Amino acid sequence: MSRVEAVQERLRDAGVDGLLITDIDNIGWLTGFTGSFAHILLSPDGGAFITDSRYTIQAEEQVRGLPVRSFRNPQTILDVLSEETARAGVHRIGFEPSIAFGTWQKWTDAMPGVNWQPVTDVVEPLRMIKTEEEIDAIRRACALTDAALTHVERVIQPGVSEYDIGLEIEFYIRRQGGKLAFDPVVAGGENSARPHARATERKLQVGDFLTLDFGALLDGYCADLTRTFVIGEATPRHEEIYGLVLEAQVAAVEMMMPGVNGRDVDAMVRAKFGEKGYAEYFGHGLGHGLGRVVHDLGRLSPTTDQPIEVGQVWTIEPGIYIPGFGGVRIEDDIVVREGGAEILNRYPKDLRILPAR
Ligand code: ZN
Ligand code: ZN
């Protein structure tokens with residue numbers, strides 16, 4: 001069954017007779033299109049891939065499984081959508097709630113006979129189970145991310161600013177044909193107590209934790225890796241916190257077996273931190289789905305009922321963040337196999353003390 005057919009099958013269960021897909025990542029996954037603008041109108045047995053004249057040639061080359069319709073000035077996307085919904089005879093159309101409210105108002109004004117129904121998670125649950133081809137793409141993104149980290153390690157020393165480290169990461173990844181999957185976290189010293197700190201002009205000092213969280217986006221797929229280093233000299237406090245996060249991270253990766261509930265993996269980590277009095281210093285979830293976007297569908301957290309299945313790709317990223325001192329996060333990307341988790345990145349995760357040169 002093709003991806004388009006798999007979504008068409010789910011349409012019936014969603015209680016609509018058509019689906020308008022506007023999320024460009026869903027569109028890319030469904031059809032292979034890599035451009036930035038398209039809509040797909042699906043009915044249970046047909047549909048159309050709609051784009052504008054900037055992408056006519058590209059869409060004809062790339063799009064699989066749907067007829068391509070492109071439009072040009074003075075026609076607008078609204079004109080084409082009105083025609084295509086009338087042609088397909090759909091009246092109850094599902095749409096992705098991520099659409100802007102203003103856009104939805106334009107649709108409802110232009111197509112008064114259509115009953116619009118927000119539908120969540122029609123395409124995304126299918127995207128959660130990756131093919132081997134997709135897993136290989138994520139593995140390549142991870143390899144580039146590992147290489148960037150090995151490269152940037154050489155410039156890390158006291159006196160270097162977070163900005164410089166962030167730029168070095170970006171240069172390296174772009175030079176190899178990738179892009180940043182997201183704005184990197186580069187956080188030294190007390191900044192590392194902020195889980196999503198962005199780089200600042202702060203210069204590294206001996207005794208800092210330095211957390212780097214970044215990923216390459218390569219061939220349409222993302223990596224997401226975090227490592228925390230110590231600069232110059234580690235105290236027993238550094239070692240204790242790092243050791244606890246590492247132990248929890250390794251145990252969580254081992255627990256990611258098919259049939260397990262992700263909520264229980266998250267709870268195991270929180271219990272481990274709690275035993276040592278660190279529970280209050282871990283505020284975010286344990287991990288998230290990873291794929292065409294860095295936060296793909298799926299969360300490992302206390303509030304999500306999340307069955308773990310073969311073919312899913314997850315990040316596992318526990319952290320402990322102590323205000324005024326610093327924080328540690330260790331993040332790997334894993335694919336769930338029959339026998340357990342396979343880690344897709346290679347960069348070591350034992351405590352590394354980078355020399356104060
Ligand atoms: Zn990350
Ligand atoms: Zn992450």
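Looking across the range 273-287 at every residue that is surrounded by 23 or more Cβ atoms within 10 Å (Cβ to Cβ) and either under 19 Å from the mean Cα position of the chain (by Cα) or β-branched (Val, Ile, Thr) (or both), the one that is farthest from ligand 1 (Cβ to nearest atom) is identified as Leu286.
When we screen Glu168, Glu190, Glu201 for residues that are assigned to a loop (DSSP other than H, G, I, E, B), in the same structural domain as Gln312 (by TED's automatic domain parsing), over 30 Å from Gly46 (Cβ atoms) and of a type in the set (Asp, Glu), the only hit is Glu201.
Being touching a residue at least 60 places away in the same chain (Cβ under 8 Å) and either crowded, with 20+ Cβ neighbours inside 10 Å or within 24 Å of Gly32 (Cα to Cα) (or both) is the filter here; which residues of the range 133-148 pass it?
Matches in the range 133-148: Glu134, Ile135, Ala137, Ile138, Arg139, Arg140, Ala141, Cys142, Ala143, Leu144, Thr145, Ala148.
For the range 288-306, filtered to residues that are among the β-branched types (Val, Ile, Thr) and more than 16 Å from ligand 1 (Cβ to nearest atom), the residue that is surrounded by the fewest Cβ atoms within 10 Å (Cβ to Cβ) is Thr303. Does at least one position in the range 320-334 carry a residue that is farther than 22 Å from Ala193 by Cα, without any contact (Cβ under 8 Å) to a residue 60 or more places away in the chain and either under 21 Å from the mean Cα position of the chain (by Cα) or assigned to a loop (DSSP other than H, G, I, E, B) (or both)? Scanning the range 320-334 turns up no residue that is farther than 22 Å from Ala193 by Cα, without any contact (Cβ under 8 Å) to a residue 60 or more places away in the chain and either under 21 Å from the mean Cα position of the chain (by Cα) or assigned to a loop (DSSP other than H, G, I, E, B) (or both).
What are the residues in the range 307-320 that are more than 17 Å from Ala223 (Cα to Cα) and either in contact with a Phe, Trp or Tyr (Cβ under 9 Å, 6 or more places away or on another chain) or buried (at least 24 other Cβ atoms within 10 Å of the Cβ) (or both), if any? Answer for the range 307-320, where residues must be more than 17 Å from Ala223 (Cα to Cα) and either in contact with a Phe, Trp or Tyr (Cβ under 9 Å, 6 or more places away or on another chain) or buried (at least 24 other Cβ atoms within 10 Å of the Cβ) (or both): Ile308, Gly319, Ile320. If only residues of the range 219-243 that are away from ligand 1 (no atom under 16 Å from the Cβ) and not in a helix (DSSP H, G or I) are counted, the one that is farthest from Arg140 (Cα to Cα) is Thr235.
Taken as a whole, the condition of being over 25 Å from the mean Cα position of the chain (by Cα), under 23 Å from Thr120 (Cβ atoms), buried (at least 17 other Cβ atoms within 10 Å of the Cβ) and among the β-branched types (Val, Ile, Thr) applies to Ile50.
In the range 244-259, the residue that is farthest from Ala141 (Cα to Cα) out of those that are of a type in the set (Gly, Ala, Ser) and within 16 Å of ligand 2 (Cβ to nearest atom) is Ala248. Of the conditions (1) at pLDDT 95 or above; (2) assigned to a loop (DSSP other than H, G, I, E, B); (3) surrounded by 14 or more Cβ atoms within 10 Å (Cβ to Cβ); (4) out of contact with any Phe, Trp or Tyr (no Cβ under 7 Å at 6 or more places or on another chain), Phe37 satisfies every one except a single condition; which number is it? Unmet condition: (4). Can you find a residue in the range 70-89 that is touching a residue at least 12 places away in the same chain (Cβ under 8 Å) and either within 28 Å of Leu218 (Cα to Cα) or under 25 Å from the mean Cα position of the chain (by Cα) (or both)? Scanning the range 70-89 turns up at least one residue that is touching a residue at least 12 places away in the same chain (Cβ under 8 Å) and either within 28 Å of Leu218 (Cα to Cα) or under 25 Å from the mean Cα position of the chain (by Cα) (or both). Within the range 263-281, residues that are farther than 12 Å from Gly319 by Cβ reach partners that are of a type in the set (Phe, Trp, Tyr) and modelled with pLDDT of 95 or more with beta carbons closer than 6 Å, at six or more positions or on different chains, in the pairs Ala279/Phe273.
The values are calculated or read from the model by the stated rules, or taken from the named source; none is laboratory data. Please read these numbers as outputs of a predicted model, since none were measured by experiment. Here the Cβ is made from the backbone with ideal geometry for all residues, glycine too, and neighbour counts use every protein chain on show.
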